[in-house]
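The values are calculated or read from the model by the stated rules, or taken from the named source; none is laboratory data. Keep in mind it's a predicted model, so treat the numbers as computed, not measured. Cβ sites come from the backbone with ideal geometry, for glycine too, and all protein chains shown count toward neighbours. For the accessible areas, the whole protein counts, side chains as well, though only heavy atoms, and no ligand, DNA or RNA atoms are used. Shrake-Rupley method; radii C 1.70, N 1.55, O 1.52, S 1.80 Å.
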Amino acid sequence: MKTTLGWLKAHLDTNAALDAIVGKLVMLGIEVESVEDRGKHLAPFVVARVVEAKRHPDADKLQLCLVDTGRATVEVVCGAPNARAGMLGVFAPVGAVIPRSGQALKASKIRGVLSNGMLCSGYELMLSDDHTGIIELPEGPQPGDSFVKAAGLDDPVLDVKVTPNRADCLSVHGLARDLAAAGMGKLEPLDAAPVAGAFACPIAVHLAGPDGKACPLFLGRVVRGLKNGSSPAWLQERLASIGLRPISALVDITNFLTVDLGRPLHVFDADKLDGDLAVRGARDGESLLALNGKVYELEPDMTVIADANGVLSLGGVIGGESSGCTESTTNVFVEAALFDPVRTAATGRKLDIQSDARYRFERGLDPEFVRPGLEIATRLILDLCGGTASEIRVSGAVPDWRRTIRFRPDRVRSLGGVEVAASEQRRILQALGCTVGEVGDHFTVEPPSWRADIEGEACLVEEVLRIHGYDAIPAESLPRDGAVPAPALTPAQGRAGMVRRTLAARDLVEAVSFSFLALKDAVLFGGGTSNLKLLNPISAELDVMRPSMLPNLLDAARRNADRGLADAALFELGPHYRDDTPEGQDLVAAGIRAGAVRRKSWDEPARAASAFDAKADALAALAAARVAAETVQLEASAPAWYHPGRSGTLRQGPRTLATFGEIHPAVLRAMAVEGPAAGFEVFLDAVPEPRAKGTARPLLKLSPFQPVSRDFAFVVDEAVPAETLLRAARGVDKRLVAEVRLFDLYQGKSLPAGKKSLAIGVTLQPVEATLTDAEIEGFSKKLIVAVEKATGGTLRQ
């Protein structure tokens with residue numbers, strides 16, 4: 001919303017400077033987006049009088065004008081047809097920059113005659129679109145006076161951004177009212193004295209829907225015998241200053257009162273009306289040719305004002321051309337009403353109509369100001385257009401807006417953090433227009449009719465703080481428990497972040513999927529119970545909470561494969577749902593690898609995703625969550641959606657930390673996914689919390705001594721897991737063993753039936769001294785004994 005400083009001061013008796021007013025508005029929560037100095041680029045231009053105007057000797061359409069600039073009399077060549085002796089115009093001296101062209105004016109010869117300046121049009125000064133002639137100023141200013149001051153362009157324009165809840169500030173009077181409450185001056189009272197009606201209003205208004213909320217109150221009166229000419233200069237200047245184009249006195253009055261008082265009105269040409277008016281819902285097939293020249297097809301839930309011939313206007317949105325006022329209008333019907341904010345907003349959105357009336361009606365208007373607004377409008381019409389007014393015709397009643405709020409003064413301190421005396425709080429609320437009573441230890445507050453946004457005690461606290469000053473709230477530092485700030489993330493949050501980064505570093509792409517999926521897919525992964533079905537799903541295919549993220553990731557892989565991207569590596573961190581309680585929600589890191597994990601090349605063949613890839617991903621995620629690999633036990637069992645012979649579970653004691661494996665072929669067929677595919681699920685909530693002490697990672701200590709590597713091969717039964725062998729090797733000397741790695745599996749003719757050969761590489765890293773041959777040999781004997789005891793196997797010769 002825009003206003004000028006002078007316009008604002010017409011409602012506010014104050015000597016405050018512009019900067020003080022802008023600063024106070026901002027502190028009141030009313031953002032000032034910009035302050036425009038309209039005269040900034042017109043400072044060099046002055047008022048000048050044409051002393052003499054005669055025809056140019058070498059051009060029929062040019063005149064030689066002798067111009068009195070107040071400082072000197074200069075000769076100017078001018079082509080404007082309205083240039084004549086005695087007129088006052090606007091003179092641009094040599095060196096002035098013309099706003100329209102952006103060029104500096106130079107003294108130059110035009111058809112052989114030197115022109116020392118320029119008489120300007122409104123178009124050249126970017127004040128209007130009129131370039132048929134130069135600006136003619138009314139008598140009053142003297143030659144040499146500043147044109148900016150003479151034209152009233154020294155009045156800065158404030159562009160104010162009002163939040164949707166503050167409809168009371170969508171007027172100049174409303175802004176002045178808030179400033180007055182904050183002590184920036186005294187609010188000028190409005191003259192809303194009733195205008196006596198000379199005759200009964202001949203037009204009745206019937207409130208017929210669409211429902212009781214559509215238009216609870218409608219006031220109207222007829223004014224006869226008026227003359228709808230141009231509005232006076234002061235009114236045109238005010239409208240032009242905020243970007244509104246003056247049209248006619250009647251239209252300008254309604255536009256002015258919308259901005260000045262926040263009271264939208266509409267004026268019908270009474271001679272174009274057929275009988276009484278009805279406020280009703282639009283009928284099927286009805287349309288409206290609006291004042292903007294567009295035709296709108298209407299719907300039954302839209303509120304219209306109609307006569308016997310059809311729709312005349314859209315209530316609270318826009319008027320129609322059929323009943324619009326013109327220069328020949330002599331009798332009018334003036335309307336002031338209340339329209340439902342929700343219906344007004346919905347109508348405007350459906351028809352894509354933006355209007356000042358809609359902007360205010362959809363935010364809610366003062367229900368008590370309908371009649372005063374009509375009285376003020378009537379007086380303006382009579383003053384500017386003449387005529388005789390009828391009595392006011394009233395349909396409906398003012399809706400019940402009164403409400404009483406219990407307000408405890410100590411809530412300002414507890415909610416706002418500032419001490420304000422109870423007496424000062426009372427003064428502030430009364431200054432805002434509230435009616436304040438005192439009952440025991442609290443106030444009873446009735447907000448004014450124009451403050452529909454004040455709904456409870458917290459709203460009143462905000463109002464007290466706003467007027468008292470947000471800058472009065474003391475600044476206090478947050479307490480510090482120590483020199484080092486507390487971690488911003490909990491251990492669980494930190495774990496999740498590390499797991500996410502680790503999986504991304506393993507060339508898995510993070511996906512974000514819905515927390516629900518199709519029932520048929522949920523059943524495949526152990527879900528689909530009745531307590532996890534959605535009552536109001538966004539889609540028939542997404543009707544149950546997910547028991548696992550794997551089906552959503554597999555579905556994403558299928559969609560990628562359908563588009564030519566057959567190889568997918570995806571992961572997601574999010575919740576799984578076991579039941580509909582908070583305890584039944586688990587944080588899980590899940591991932592899949594579908595298709596090939598290595599494409600074929602000249603030196604090696606392609607390799608499809610396998611259970612071992614999924615196991616490696618799961619172990620990497622657990623390592624990122626600070627679970628040591630040597631503390632994890634592997635079981636050759638997994639949920640039913642994994643391949644029974646190519647899957648496993650990682651445990652730590654009784655805790656299930658992860659499951660992994662190739663996805664069961666039947667599951668892949670049911671989901672129309674081309675195999676193979678392997679997946680994993682790491683249950684982050686099951687990861688034990690680190691101990692209170694020693695939670696930091698150990699310092700990296702590099703040994704200066706040479707590591708030693710030795711290979712061993714053992715023949716064991718086929719049923720012995722490789723993990724049993726690896727665990728036994730690691731346990732020989734944990735300080736000395738840096739790494740144990742399985743590098744070969746062999747089953748063939750040279751081995752007895754039911755046996756297999758497992759070959760491991762062991763790296764020894766001394767930290768105190770270089771290992772001797774005897775120490776290495778001694779370690780090797782210990783390792784062989786430990787592995788043979790754990791596996792029942794023998795060293796392969």
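Between the stretch 297-334 and the stretch 136-189, how far is it from one alpha carbon centroid to the other, in angstrom?
Taking the Cα centre of each part, the stretch 297-334 and the stretch 136-189 sit 32 Å apart.
At 7 Å along the Cα-to-beta-carbon direction for both residue 94 and residue 13, put a label point, then send me their distance in nm to one decimal.
5.3 nm
Would you give the gap between the C-alpha center of the stretch 447-491 and the C-alpha center of the stretch 1-67, rounded to a whole Å?
Result: 41 Å between the Cα centres.
Could you name the aspartates and glutamates in cross-link range of residue 109, using Cα to Cα under 18 Å and dropping any fewer than eight places away on the same chain?
The reachable aspartates and glutamates, counting only those whose Cα sits under 18 Å from residue 109, are 58, 60, 75.
What is the gain in length, in nm to one decimal, between residue 211 and residue 504 on full extension, counting 0.36 nm per residue of separation less the C-alpha to C-alpha distance?
Gain on extension, residue 211 to residue 504, equals 99.6 nm.
With r as the distance between the Cβ atoms of residue 513 and residue 240 and R0 = 60 Å, compute the FRET efficiency 1/(1 + (r/R0)^6) and round to 0.05.
In this case the efficiency is close to 0.60.
Here are some pairs, 755/782; 161/350; 161/213; 701/734; 520/615; 106/149; which of them have Cα atoms lying more than 21 Å apart in this structure?
Long pairs (Cα-Cα over 21 Å): 755/782; 161/350; 161/213; 520/615; 106/149.
Which whole-number percent gives the relative contact order of the stretch 234-353, counting Cα pairs below 8 Å spaced six or more residues apart?
This gives 25 percent for the stretch 234-353.
How large is ³J(HN,Hα), in whole Hz, for each residue of the stretch 445-451 in order, when computed from phi with the Karplus curve 6.51 cos²θ - 1.76 cosθ + 1.60 and θ = phi - 60°, using x for Gly and Pro?
10, 10, x, x, 5, 8, 10
For residue 657, enumerate residues with amide H under 5 Å from its amide H, sequence gap 5+ or separate chain, H modeled in the peptide plane.
650, 651, 652
Per residue and in cubic angstrom, what volume does the convex hull of the Cα atoms of the stretch 487-532 have?
Output value, Cα hull per residue: 138 Å³.
Please list, ordered by chain and number, the residues whose modelled amide H lies under 5 Å from the amide H of residue 160; skip anything fewer than 5 residues away on the same chain.
2, 3, 33
Cα centroid distance between the stretch 578-613 and the stretch 86-101, in Å?
When both Cα centres are located, 77 Å separates them.
So what is the relative contact order of the chain, in percent, for Cα pairs below 8 Å that sit 6 or more residues apart?
Answer for the chain is 8 percent.
Out of residues 5 or more away from residue 393 or on other chains, whose amide H comes under 5 Å of its own, with H placed 1.01 Å from N in the peptide plane?
220, 221
What FRET efficiency comes out for the pair residue 706/residue 794, r = Cβ-Cβ distance, R0 = 30 Å, nearest 0.05?
0.45
Which shape class, rounded, prolate or oblate, goes with the stretch 282-372 when its Cα gyration tensor gives a ≥ b ≥ c as root eigenvalues, a/c under 1.5 marks rounded, and past that a/b bigger than b/c marks prolate?
Oblate, since a/c reaches 1.5 and b/c is not below a/b.
At a probe size of 1.4 Å, how large is the accessible area of residue 498, to the nearest 10 Å²?
70 Å²
Could you work out [θ]222 nm for the chain from helices alone, using -39500 (n - 2.57) per DSSP H run of at least four and dividing by all its residues? Round to the nearest 500 deg cm²/dmol.
-7000 deg cm²/dmol
Under 1.5 on a/c is rounded, so check that first for the stretch 539-590, then, if it is not, pick prolate when a/b is larger than b/c and oblate when it is not; a ≥ b ≥ c are the square roots of the alpha carbon gyration tensor eigenvalues.
oblate
To the nearest 10 square angstrom, how much accessible area does residue 350 have with a 1.4 angstrom probe?
110 Å²
For 602, 401, give me the order by solvent-accessible area with a 1.4 Å probe, most accessible first, ignoring ligands, DNA and RNA.
Result, largest first: 602, 401.
List, in order, the whole-Hz ³J(HN,Hα) value for each residue of the stretch 304-309 obtained from phi through the Karplus relation with A = 6.51, B = -1.76, C = 1.60 and θ = phi - 60°; use x for Gly and Pro.
Those phi angles translate into 10, 10, 9, 10, 5, 8 Hz.
Using mean Cβ contacts within 10 Å as the protection proxy, how do 431-441, 109-119 order, highest first?
Ranking, from highest mean packing down: 109-119, 431-441.
Length gain on complete extension for the stretch residue 579 to residue 61, per 0.36 nm per residue less the alpha carbon to alpha carbon distance?
Once the chain is fully extended between residue 579 and residue 61, it gains 177.4 nm.
Between residue 404 and residue 689, take the C-beta separation as r, use R0 = 60 Å, and let me know the FRET efficiency to the nearest 0.05.
Here the calculated transfer efficiency is 0.70.
What percent does the relative contact order of the stretch 529-688 come to when contacts are Cα pairs within less than 8 Å and at least six residues apart?
For the stretch 529-688, the relative contact order is 21 percent.
Quick check: at a probe of 1.4 Å, how many percent of the accessible area of the chain sits on carbon and sulfur atoms?
C and S atoms contribute 52 percent here.
What ranking do 473-486, 139-152, 281-294, 529-542 get when scored by the average of other Cβ atoms within 10 Å per residue, highest first?
Answer by packing, highest mean first, reads 139-152, 281-294, 529-542, 473-486.
Over the stretch 353-443, average the accessible area per residue using a 1.4 Å probe and give it in Å², no decimals.
49 Å²
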